[in-house]
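Quick one: the structure is below, questions incoming.
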Amino acid sequence: MSDGYEQLAETVREVEELQSRSGLDRASVFNLKDLSFHTSLPEADIRRLLDGERVESPASGPAELARRIAFLRETRLTVDRNTGSRRQYTTVEIAAGSGMTPQWHGKLLNRSTPNIWHGAGLAKFFDVPMEYFTHTPPEAVKRVLDRKVIPDLTAFIKNPSEAVRNRHAMQIQLRLGNRELPPNLETALMAFVDAIAREVSGS
């Protein structure tokens, strides 16, 4: 039975070929922060996997499930209605949104049960595929390359003007991934882009 490493190596080669055709740099295409965001894996492990190395297998059972759920809580934030600032979802909010009791959610986080009966509810609440909870490290990285990186690169190569206006903008898009910027950073980024656009149009 395959452990996923050979399949990942084939997918990495496919992405490298697309990267060469696109003119984008490797750091933008193989964005470690974005790959970590979608897999829960440490960036160091992702770098090793992309280089064809093996990584330590994750702990099995409830400990690994709890770690992946905790990662979702830390990285998928919501906006507080009262303060307007970003914060983690509460246990009550997650339980209500995923169809479980707060007590059961607490058991998952406390590693006291190996069950993922509410995996579909958690996946829907946090907007991740069910495989997020079950894939091995190489399978997880391959999943993101197949479902996100390759389609984005292919769209860029086929019609750059529709995807983004230039390769530098594509690099920004790939590096940010699906993460939402805090309002102050978003405003600063847009002001910076507007300033560049004015300078270019006036040159």
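May I ask you to verify whether Arg147 is among the basic types (Lys, Arg) and crowded, with 16+ Cβ neighbours inside 10 Å?
Values: among the basic types (Lys, Arg): yes; crowded, with 16+ Cβ neighbours inside 10 Å: no.
Here the answer is no, as Arg147 does not meet what is asked.
Being among the aliphatic types (A, V, I, L, M), modelled with pLDDT of 95 or more and either closer than 23 Å to Pro58 by Cβ or open to solvent by 20 Å² or more (accessible area, probe 1.4 Å) (or both) is true for just one of Ala163, Ala155, Ala140, Ala120. Which residue is that?
On the way: Ala163 fails: modelled with pLDDT of 95 or more; Ala155 fails: modelled with pLDDT of 95 or more; Ala120 fails: modelled with pLDDT of 95 or more.
Only one candidate qualifies: Ala140.
Residues of the stretch 123-139 being out of contact with any Lys or Arg (no Cβ under 7 Å at 6 or more places or on another chain) and assigned to a helix (DSSP H, G or I), which ones?
Within the stretch 123-139, Ala123, Lys124, Phe125, Met130, Pro137, Pro138, Glu139 qualify.
Residues in the stretch 57-74 that are closer than 27 Å to Glu14 by Cβ and either acidic (Asp, Glu) or surrounded by fewer than 16 Cβ atoms within 10 Å (Cβ to Cβ) (or both): how many?
Residues that pass the stated criteria total 1.
Criterion first (in contact (Cβ under 8 Å) with a residue 40 or more places away in the chain and in contact with a strand residue (DSSP E or B) (Cβ under 9 Å, 6 or more places away or on another chain)) does Arg54 satisfy it? Let's see the steps before the verdict.
Details: in contact (Cβ under 8 Å) with a residue 40 or more places away in the chain: yes; in contact with a strand residue (DSSP E or B) (Cβ under 9 Å, 6 or more places away or on another chain): no.
The answer is no for Arg54.
Taking the stretch 17-46 only, how many residues are open to solvent by less than 70 Å² (accessible area, probe 1.4 Å) and either under 18 Å from Thr134 (Cβ atoms) or assigned to a helix (DSSP H, G or I) (or both)?
Total satisfying the criteria: 19.
Of all residues in the stretch 47-56 being under 20 Å from the mean Cα position of the chain (by Cα) and open to solvent by 30 Å² or more (accessible area, probe 1.4 Å), which is farthest from Thr154 (Cα to Cα)? Full working, then the answer.
As a first pass, look at the stretch 47-56 and keep what is under 20 Å from the mean Cα position of the chain (by Cα): 47-51, 55.
With the extra rule that they be open to solvent by 30 Å² or more (accessible area, probe 1.4 Å), the set shrinks to 47-48, 51.
Details: Arg47: 22, Arg48: 25, Asp51: 22 Å.
Checking each candidate, the answer is Arg48.
The values are calculated or read from the model by the stated rules, or taken from the named source; none is laboratory data. Just so we're clear, the structure is a prediction, and the values are computed from it rather than from any experiment. Because the Cβ atoms are built from the backbone with ideal geometry, glycine has one as well, and the counts that use them run over all protein chains shown. For the accessible areas, the whole protein counts, side chains as well, though only heavy atoms, and no ligand, DNA or RNA atoms are used. Shrake-Rupley method; radii C 1.70, N 1.55, O 1.52, S 1.80 Å.
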